[in-house]
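*Asks:* Below are the structure tokens for one structure; questions will follow.
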Amino acid sequence: MTAPKKRNISLRGKIIYSVYLRNHTAEGTFAGLEKDLDRIKALGTDIIWLLPLHPIGQLNKKGQLGCPYSISDYRAINPEYGTEDDLKHLVDEIHARSMICIIDVVYNHTSHDSVLFRNHPEYFYRKEDGSFGNRYGDWTDVLDLDYSNRELWDYQIETLVKWAHIVDGFRCDVASCVPAEFWENAVEAVAKVNPDAIWLAESVYAGHVQFARECGYPVATDTDLYSAFDMEYPYDVQDYFDRYSEGKGKLSQYIAMLNYQEHIYPSDYIKIRFLENHDTPRASHRFPDTGIMLNWLAFVYFQKGTTMLYGGQEWQNQEYCTLFDKAVFTRDSGKDISAQIIKLGEIKKSLFPTDADFSAEADDSTGTVTAYLTNRECRIAGVFCLEGKKCDAEVNVPDGEYINQITGEKVSVKNTLLKTDGKPVIFKVR
């Protein structure tokens, strides 16, 4: 690309709902998901992201059914889910509800028995001894691709163009392990079919980048990937969140890294914000206290970026949802937090300016975060009791009375202090 990528910052006001078809419904099909679209839409969802929908390799597979990220044919549909016509019907139904659909793209590797490996072994990475394999030892069910072969680029881009006739964009798995220049070419090609296609990069942990470079493997940073992508994962700061949630780090260290993102990326940068996804522990496993978990959820919605929910999060599922076997998530009405999710979505879309600057401060002694979204016209403040403690939180707003947008109740700031009851507070300052 000759010109810098321009991102549509309205995406910061959107909500993504991530679906693993196999485990989303008892049927585990496109048709099964169709029955759930009205409920998903009601959560405030704008974008449905489908985890990989292609056939799964059987050679060296993990678990009984195999991992959807071990793909045997990029151009086919997993018959477990239905047919290509079933997918088209699902996308039509998603569109009919004013939502859009993106699908997973897994271009770092394929299964050992993939169509691509069978027909084009020259497209694949070889280890020093000349054998095929992968760069990361625990991914035993896949073989890595080699993007030094430009014919591979043509095949992969042609495949993306095929799917771009059906869906509205792509979430790209471990996008950092595929050359940024490839993604730039792919975006240009897809734009001829769908100029509004959305591109979400699973950029990787800082440790992943360091390990790859130490081994001499090519890897792109978040900054590199912004040349092609609209949105990226927040894995650049995820280590700090993980360490805090495991009791190994300070809350203030995580918050400092969120602030740092404001200064190192393009002004129109977009991160997705989540508490869980298919690769992480469930949010309710990290934070089994519902009050604490809801504070974290409110803080995630408040952060600058596109909010993402993972199927089952609305019922506070705690068990890790395995990728390798059938494990339908639990729909326990006694743990349903859909009402809170809907309310946070309404606040996000009606109150938060998408062009705002984000800043936050953490009090390690109380586990409380005060955060702000500010532009020339308005300032929104949030106070989040991330350890569930009642405290007097110091806020950088004028003294006075405000309305907590979550509850509709009045809150008071006196001598720069807001008395909290352990629940989240979001209010408009001006």
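The values are calculated or read from the model by the stated rules, or taken from the named source; none is laboratory data. This one's a predicted model, so the numbers in the text were calculated from it and none came from an experiment. Neighbour counts run over all protein chains shown; Cβ positions are idealised from the backbone, glycine included. Surface accessibility is based on the protein's heavy atoms, side chains included, excluding ligands, DNA and RNA. Shrake-Rupley method; radii C 1.70, N 1.55, O 1.52, S 1.80 Å.
*Asks:* Check off (1) part of a helix (DSSP H, G or I); (2) crowded, with 16+ Cβ neighbours inside 10 Å; (3) not hydrophobic (A, V, I, L, M, F, W, C) for residue 334 and give me the number that stays unchecked.
*Replies:* (2)
*Asks:* Okay, moving on. Regarding residue 230, is this residue closer than 30 Å to residue 168 by Cβ, open to solvent by 40 Å² or more (accessible area, probe 1.4 Å) and within 19 Å of the chain's Cα centre (by Cα)? Steps first, answer last, please.
*Replies:* Working: closer than 30 Å to residue 168 by Cβ: yes; open to solvent by 40 Å² or more (accessible area, probe 1.4 Å): no; within 19 Å of the chain's Cα centre (by Cα): yes.
For residue 230, the condition - closer than 30 Å to residue 168 by Cβ, open to solvent by 40 Å² or more (accessible area, probe 1.4 Å) and within 19 Å of the chain's Cα centre (by Cα) - is not met.
*Asks:* Can we say residue 181 is assigned to a helix (DSSP H, G or I), open to solvent by 10 Å² or more (accessible area, probe 1.4 Å) and under 26 Å from residue 206 (Cβ atoms)?
*Replies:* yes
*Asks:* Test each condition in (1) among the aliphatic types (A, V, I, L, M); (2) open to solvent by 10 Å² or more (accessible area, probe 1.4 Å); (3) in a helix (DSSP H, G or I) for residue 77 and report the one that comes out false.
*Replies:* Here residue 77 clears every test but (3).
*Asks:* Shifting gears a bit: Residue under question is residue 139, and the condition is that it be outside any loop (DSSP other than H, G, I, E, B) and either in contact with a Cys (Cβ under 7 Å, 6 or more places away or on another chain) or closer than 19 Å to residue 114 by Cβ (or both); does it hold?
*Replies:* no
This table checks each residue for (1) touching a residue at least 60 places away in the same chain (Cβ under 8 Å); (2) closer than 25 Å to residue 305 by Cα.
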residue	(1), (2)
383	no, yes
386	yes, yes
399	no, no
405	no, yes
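*Asks:* State yes or no: is residue 95 on the phi < 0 side of the Ramachandran plot and either of a type in the set (D, E, K, R) or open to solvent by 10 Å² or more (accessible area, probe 1.4 Å) (or both)?
*Replies:* Yes; evaluated as a whole, the condition is true for this residue.
Rundown of residues vs (1) over 17 Å from residue 286 (Cα atoms); (2) touching a residue at least 24 places away in the same chain (Cβ under 8 Å), yes/no style:
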site	(1), (2)
317	no, yes
321	no, yes
324	yes, yes
327	yes, yes
332	yes, no
337	no, yes
342	yes, yes
348	yes, yes
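*Asks:* Could you tell me which of the residues 52, 4 is under 21 Å from residue 187 (Cα atoms), part of a loop (DSSP other than H, G, I, E, B) and open to solvent by less than 10 Å² (accessible area, probe 1.4 Å)?
*Replies:* 52
*Asks:* Can you tell me how many residues within the range 386-430 are among the small types (Gly, Ala, Ser), within 24 Å of residue 353 (Cβ to Cβ) and open to solvent by less than 40 Å² (accessible area, probe 1.4 Å)?
*Replies:* 2
*Asks:* State yes or no: is residue 252 open to solvent by less than 70 Å² (accessible area, probe 1.4 Å) and at negative phi?
*Replies:* yes
*Asks:* Mind listing whichever residues of the range 132-178 are free of Cβ contacts under 8 Å to residues at least 40 places away in the same chain, open to solvent by 10 Å² or more (accessible area, probe 1.4 Å) and in contact with a Lys or Arg (Cβ under 7 Å, 6 or more places away or on another chain)?
*Replies:* 132
*Asks:* Out of (1) within 25 Å of the chain's Cα centre (by Cα); (2) surrounded by 23 or more Cβ atoms within 10 Å (Cβ to Cβ), what's the single condition that is false for residue 114?
*Replies:* (1)
*Asks:* Right, here's the next one. In this structure, is residue 261 open to solvent by 10 Å² or more (accessible area, probe 1.4 Å) and of a type in the set (S, T, N, Q)?
*Replies:* no
*Asks:* What pairs come up if the first residue lies in the range 19-43 and is over 16 Å from residue 101 (Cα atoms) and open to solvent by 10 Å² or more (accessible area, probe 1.4 Å), the second is outside any helix (DSSP H, G or I) and β-branched (Val, Ile, Thr), and their beta carbons are under 8 Å apart, counting only those six or more places apart or on different chains?
*Replies:* As it stands, the answer is 25/328; 26/328, since those pairs meet every condition given.
*Asks:* Condition first: farther than 22 Å from residue 16 by Cβ, in contact with a Leu (Cβ under 6 Å, 6 or more places away or on another chain) and free of Cβ contacts under 8 Å to residues at least 60 places away in the same chain. Can you find one or more residues in the range 239-246 that meet it?
*Replies:* Yes, the conditions are met somewhere in the range 239-246.
*Asks:* Under 9 Å between Cβ atoms, at least 6 apart or on separate chains: pull out the pairs that start in the range 208-220 with a residue that is within 22 Å of residue 234 (Cβ to Cβ) and end on any residue that is crowded, with 17+ Cβ neighbours inside 10 Å and of a type in the set (Phe, Trp, Tyr).
*Replies:* The qualifying pairs are 208/136; 208/235; 211/136; 212/136; 220/183.
*Asks:* Is it the case, given these coordinates, that residue 216 is at pLDDT below 95 and either among the hydrophobic types (A, V, I, L, M, F, W, C) or within 30 Å of residue 324 (Cα to Cα) (or both)?
*Replies:* The answer is no for residue 216.
*Asks:* Take residue 21 and decide whether it is under 19 Å from the mean Cα position of the chain (by Cα) and aliphatic (A, V, I, L, M).
*Replies:* Values: under 19 Å from the mean Cα position of the chain (by Cα): yes; aliphatic (A, V, I, L, M): yes.
Yes.
*Asks:* Do you know which residues across the range 302-328 are open to solvent by 20 Å² or more (accessible area, probe 1.4 Å), aromatic (Phe, Trp, Tyr) and either under 23 Å from residue 291 (Cβ atoms) or part of a helix (DSSP H, G or I) (or both)?
*Replies:* Of everything in the range 302-328, those that are open to solvent by 20 Å² or more (accessible area, probe 1.4 Å), aromatic (Phe, Trp, Tyr) and either under 23 Å from residue 291 (Cβ atoms) or part of a helix (DSSP H, G or I) (or both) turn out to be 315, 320.
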